[in-house]
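Notes for the one structure printed next.
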Amino acid sequence: MSDLQARREREKQQRQDAILDAAETMFAEKGYERTSMDEIARTASLSRALLYVYFKDKAAIQRGIMLRAAERLRERFRAALDAGETGLDKIREMGTAYYRFWQEDPNYFDALTRATTAMQDADADETEQMVGCEMQTMSLMVEALNAGIEDGSIDADQVRDCFETALYLRGALHGVIMMCQQEMGEDGPLATYPSDSLVRHTMEMLVRSIRA
């Protein structure tokens, strides 16, 4: 790649990032439905015409944010994998990372929760990027499980298949977090129950289910 091509690629990425930054700001302030493409363009300091060069519509921008969210979660899982000593420690760290993702990046967490439906309208490139990122995230869990089996911290008899077990662990924790979000709000039926305690109890139960 020539210097000119590299510069153009950097400029393209910078404009895409500016658009996504602007959209995240506007969606957080006004909500997705009430935000217009004109408002996103103004916030990004771009013309409406240039905005459409990068994203064909608001749904495409939302999918771009979803990919960002997936990348952010992958980064958290990578850090968790590196932080744990044994394989079981790594899995525990990933559970904590997922919980913190919900606490610290709630908009991204919600974006990923909606991604399955939203990605049905994605083009081939968007789908490939999202699926690739998601598979990389799951492969980090598989790597941790394999490490635990090898170092003896995880019971091989409890892990029939590492990928299947990774799906179970993440799905179970996600389900409890979603219950906390939907039912333990200010008006929820379990509003007075400490969600932090429940999530941490869930993580400990999941760890126990595979511990050697």
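The values are calculated or read from the model by the stated rules, or taken from the named source; none is laboratory data. Nothing here was measured: the structure is a model prediction, and the numbers come from that model. Cβ placement follows ideal geometry from the backbone for every residue including glycine, while neighbour counts extend to all protein chains displayed. For the accessible areas, the whole protein counts, side chains as well, though only heavy atoms, and no ligand, DNA or RNA atoms are used. Shrake-Rupley method; radii C 1.70, N 1.55, O 1.52, S 1.80 Å.
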Exercise. Would you list which lysines come within 23 Å of LYS30, measuring only between C-alpha atoms, while excluding same-chain residues fewer than 8 positions from it?
Key: LYS56, LYS58
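Once the other residues with Cβ under 13 Å from the Cβ of THR137 are scored (Lys, Arg +1; Asp, Glu -1), what is the net sum?
Overall, the nearby charge balance is +1.
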Quiz prompt | Helix 124-151 axis, angle to the chain major axis (alpha carbon atoms, nearest 10°) | solution = 20 degrees
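Computed FRET efficiency, Cβ-Cβ of ARG34 and GLU75, R0 22 Å: what is it to the nearest 0.05? Working shown, then result.
Details: r = 30 Å, r/R0 = 1.38.
Efficiency, from the Cβ-Cβ distance: 0.10.
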Quiz item: Taking Rh as the Kirkwood radius computed over C-alpha pairs, what is the Stokes-Einstein D of region 34-75 at 25 °C in a medium of viscosity 0.890 mPa s, expressed in µm² per second?
Solution: 222 µm²/s
Practice problem: Keeping all protein chains in place, calculate the accessible area per residue for the chain (probe 1.4 angstrom), answer in Å². | Solution: 56 Å²
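If the only charges are +1 at each Lys and Arg Cβ and -1 at each Asp and Glu Cβ, what is the size of the charge dipole of the chain around the Cα centre, to the nearest 20 debye?
That gives the chain a dipole magnitude of about 480 debye.
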Practice problem: Divide by every residue of the chain the summed helix terms, -39500 (n - 2.57) for each DSSP H run of at least 4, and state the resulting mean residue ellipticity at 222 nm, rounded to the nearest 500 deg cm²/dmol. | Solution: -26500 deg cm²/dmol
Quiz item: What translational diffusion coefficient, in µm²/s and rounded to a whole number, does the Stokes-Einstein relation yield for region 13-54 at 4 °C and a viscosity of 1.567 mPa s, taking the hydrodynamic radius as the Kirkwood radius over Cα pairs?
Solution: 130 µm²/s
Quiz item: Percent of alpha carbon pairs in region 1-107 separated by more than 20 Å?
Solution: 53 percent
Quiz prompt | On Cα atoms only, tilt of 58-83 relative to the major axis of the chain in degrees | solution = 40 degrees
Quiz item: Long-range amide H contacts for ARG211: which residues qualify at under 5 Å (H placed 1.01 Å from N, peptide plane, sequence gap of 5 or more or a different chain)?
Solution: ASP155
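I need the calculated FRET efficiency for the pair GLU9 and THR113, taking r as the beta carbon distance and R₀ as 30 Å, to the nearest 0.05.
Plugging the Cβ-Cβ distance into 1/(1 + (r/R0)^6) gives 0.40.
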Quiz item: Say the dipole of the chain comes from +1 at the beta carbon of Lys and Arg and -1 at that of Asp and Glu; which of ALA41, VAL199, PHE109 then lies farthest toward its positive end?
Solution: ALA41
Self-check item: Accessible surface of the chain, 1.4 Å probe, proportion on carbon and sulfur as whole %
Solution: 47 percent
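Please say if region 59-114 is rounded, prolate or oblate, where rounded means a/c under 1.5 for a ≥ b ≥ c the square roots of the C-alpha gyration tensor eigenvalues, and otherwise the choice is prolate for a/b larger than b/c and oblate otherwise?
In terms of gyration-tensor shape, prolate.
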Self-check item: Two-site label geometry, THR127 and ASP21: point separation in nm, points 7 Å out along Cα→Cβ
Solution: 3.2 nm
Quiz item: For the chain, with the dipole built from +1 on Lys and Arg beta-carbon atoms and -1 on Asp and Glu ones, taken about the Cα centre, which of GLN129, TYR168, ILE65 lies farthest toward the positive end?
Solution: ILE65
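Is region 68-212 best put as rounded, prolate or oblate by its Cα gyration tensor, with a ≥ b ≥ c the root eigenvalues, rounded for a/c under 1.5, and otherwise prolate when a/b is larger than b/c, oblate when not?
Oblate, because a/c is 1.5 or more while a/b does not exceed b/c.
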